[in-house]
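Here's the structure, in structure tokens; my notes come after.
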Amino acid sequence: MEVYNTTFNGHEVTVIFNGGMYLFYNKYYGFIAFAKRDQENSDYKNERFALVYGNEHCTGGSLSESRILSRAKSFITKLEKQHSAETVDFVATQKDLSNSYLSIEDGFKIR
């Protein structure tokens with residue numbers, strides 16, 4: 001498991017990566033995005049992620065949903081390309097994650 005600290009438009013974001021999923025968390029807003037590796041459509045050189053992003057508390061501020069989406073994609077792409085991926089694709093879905101919580105059972109699950 002890897003933990004990263006970064007910023008999205010001046011907002012501190014903690015990213016937790018377990019090999020199959022990236023979790024993006026802000027201590028004020030809570031979860032702002034998560035991305036799960038699509039095992040069926042990924043291989044060693046071409047990675048694909050299902051990316052869910054958004055938080056109703058970010059609407060209208062400097063951490064807008066479009067900025068969350070672009071920064072999360074950029075962050076994941078940068079890390080995946082460091083580990084030999086040539087292409088990184090996303091299937092993005094907007095969802096309000098403000099009331100989501102993390103359950104750790106047999107891996108991460110966002111509810």
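The values are calculated or read from the model by the stated rules, or taken from the named source; none is laboratory data. Keep in mind that this is a model prediction, so the values were computed, not measured. Neighbour counts run over all protein chains shown; Cβ positions are idealised from the backbone, glycine included.
Observations, loosely collected:
- Exclusive hit being at pLDDT 80 or above and closer than 19 Å to N18 by Cβ, set L102, L97: L97
- Meets criteria (among the aliphatic types (A, V, I, L, M) and surrounded by fewer than 17 Cβ atoms within 10 Å (Cβ to Cβ)) for I16: yes
- In segment 1-56, residue modelled with the lowest pLDDT [restricted to those that are assigned to a strand (DSSP E or B) and among the small types (G, A, S)]: G30
- Residues that are at pLDDT below 95 and either of a type in the set (D, E, K, R) or part of a loop (DSSP other than H, G, I, E, B) (or both), drawn from segment 72-94: K78, E80, K81, H83, S84, A85, E86, D89
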